[in-house]
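No value in this document is a laboratory result; all are computed from the given coordinates. Just so you know, these numbers come straight off a predicted model, no measurement behind them. Positions of Cβ are generated from backbone atoms using ideal geometry, with glycine treated the same way; all protein chains shown enter the neighbour counts.
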Amino acid sequence: MWSLLSVAAALFAAAASAVSTGGSRLLVVLDDVAEKDTYGQFLGDLTARGFDVSYETPRSEGLTLFHLGERKYDHLLFLPSKVKGLGPNLTPNRLVDFVNTQGNILLALSSTVPTSTSLVSLLSELDISLPIERTGTVVDHFNYDTVSAAESHDVLVLDAPSNIRPGLKSYFEVPGGVLAFPHAVGHVLGSGALLTPVVRAPATAYTYNPKEQAEVLDADDLFAAGQQLALVSVVQARNSARVTVLGSAEMLQDKWLDAKVTKVGGKSVKADNKEFARRVAGWTFQEIGVVRVNSIEHKLQETEELNPEIYRIKNDVSYAISLSEYSWDKWVPFTLPEDDVLQLEFSMLSPFHRLNLALTGTTEDAAVYGISFTLPDQHGIFNFKVNYKRPYLTYVEEKNTVSVRHFAHDEWPRSFVISGAWPWISGIGATVSGFVGFCAIWMYSKPVGKSAGKKN
Amino acid sequence: MAPKKNAAQPAPSAAATSQSSTTAAGSVPAPAGAAPVSTPVSAPAAKSAPANWDKVLQNIYSYYMNETPQRTKLIDVFLVFIAVVGALQFLYCILAGNYPFNAFLSGFGATVGQFVLTISLRIQTAAANKSDFPEVSPERAFADYVVCSLILHFFCVNFIN
């Protein structure tokens, strides 16, 4: 059912335009609608990718995320705004509701503008903490841009991130590139399992408040330093809705998208902010990293009937799941990240089998993973369960319930098929034929026996 | 009359066999003479014991051959046959394992059941027990035996599958 719906949705989306699987309605919240021109290239790129972009300021009267209980927008992009609170329409509660109804949020922060309390509260809901004064800039005296921040050192130039956790898809990797993070706000991630840092500050970076700690930074007042600080982090909620925190909104501005930056002691190179911004927005707005289950087929080996409801213990069954992945504008076969496996559990309360699925076939837009195995010697209600939850990928949790019955009385091998039983079969034969012979002799010899008995 | 006669006869012979182990007396029906001879001789008893055992067994055998009705002998032969078949099956189970366990149960159970039924038939038809089963004629006992055996075989063949 789910896969049918998603196919229908995908067809509809493809008919409309090439756009994200999450929908095309994007709301950009910024301080002043005129400000959008500074982000013209980035927003223009979004529009070109098929997003239907609306702009609102937090102060506007008509701003509401829900209409008649339905989401009015599919995605939210928060650019820095000077408003202290975002008003009654963008309370943290509403934003959490928005995420709970599968809306995606991209938060761009800037150290030049204090972050709205509403967003700070939203982030603390997600176990992400910002510096206390809602403002704090990340500096690094070893990895700054010598052109634009020769004195202040607050424009970080970092090598493009490689995955911090191994075994993930490389959506955010820009091989060989450098990224410029002007006036970034660092944040610290809690221990939540749904949080994934994408870019961390280098070991020599720290955050401070330029207004209050301009002269000296007391160690006790230090919010975080080094790798503790994350500059870009992503959260994927349990419903696969996505929230991304981008520490530096300015890196989305036109002047930074293609800026030339120079590392300390390095050459002038072009920053890859444009590509990185495209990927961050694309991931957040569900254009990449969306996995779809097309179909699940399980059957008895050497039969044709698909997805029967009942099996017998020790049956040989085969299982196949077809997966597609959305890649910007089309569905492509889903490939696993390196060193990762897709596993199938055959479970009743606890898994009786946990098997690695192998790639068995690929079509134009789907990859089929499958395996054949023998059911356990245990009858009951079992699930074929694929529980594939990885950062950066929408969650796959598919359960197909089947009954597993025991042997029927006529399904056991007959004794005469088992050579081990032949001595006992012949034992019965000997007993029965002995009995028959005994009866025959008994009846035949009865008079003689009687007379003999009498004689003696 | 016959059963009483049969029942009375084994008694003296049993006395003879028990005493003959200490005596050299060979003849079976000599209960009176055996007692006085046995008392003084204790040392030669050990020497003559093997010969005595021979005699004892021979006595038992000849008594059995002479005194047992022919059909009871037939029953006994059949009983020995069943016991051998059952023992072989059990031996096979011990040596080769009990893999199709139902086969072992039914094969071995058939012999055990048949043995029990045949013993019952022997008890009911033995002339010595005539007084215990005044209402059961040998024919009736045999008919019971056949019916019960067929039920047993039916069960065993079913169970061995």
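Could you please find all residues in segment A:329-347 being farther than 30 Å from A:Asp45 by Cα and without any contact (Cβ under 8 Å) to a residue 40 or more places away in the chain?
A:Val341, A:Phe346, A:Ser347
Inside segment A:216-301, counting only strands (runs of 3 or more DSSP E) that do not spill past its ends, which hold 3 or more residues that are of a type outside the set (D, E, K, R) and surrounded by fewer than 20 Cβ atoms within 10 Å (Cβ to Cβ)? Counting at least 3 such residues, we get A:288-300. Residue count for segment B:57-87 under the criterion of being facing chain A (nearest Cβ under 7 Å) and without any contact (Cβ under 8 Å) to a residue 40 or more places away in the chain: the result is 6. Residue pairs whose Cβ atoms lie under 6 Å apart, sitting 6 or more positions apart in sequence or on different chains, and linking a residue in segment B:93-108 that is at the interface with chain A (Cβ under 7 Å from one of its Cβ atoms) and over 10 Å from A:Ala421 (Cα atoms) to a partner that is of a type in the set (Val, Ile, Thr) and crowded, with 17+ Cβ neighbours inside 10 Å, are B:Ser106/B:Ile160. Of the set (1) in a helix (DSSP H, G or I); (2) more than 9 Å from chain A (Cβ to nearest Cβ), all apply to B:Asp132 but (1). Keeping to segment B:139-161, report how many residues are assigned to a helix (DSSP H, G or I) and within 8 Å of another protein chain (Cβ to nearest Cβ). Selection size over segment B:139-161: 7.
Of A:Val404, A:Val417, which residue is aliphatic (A, V, I, L, M) and within 29 Å of A:Ile296 (Cα to Cα)?
The unique qualifying residue is A:Val404.
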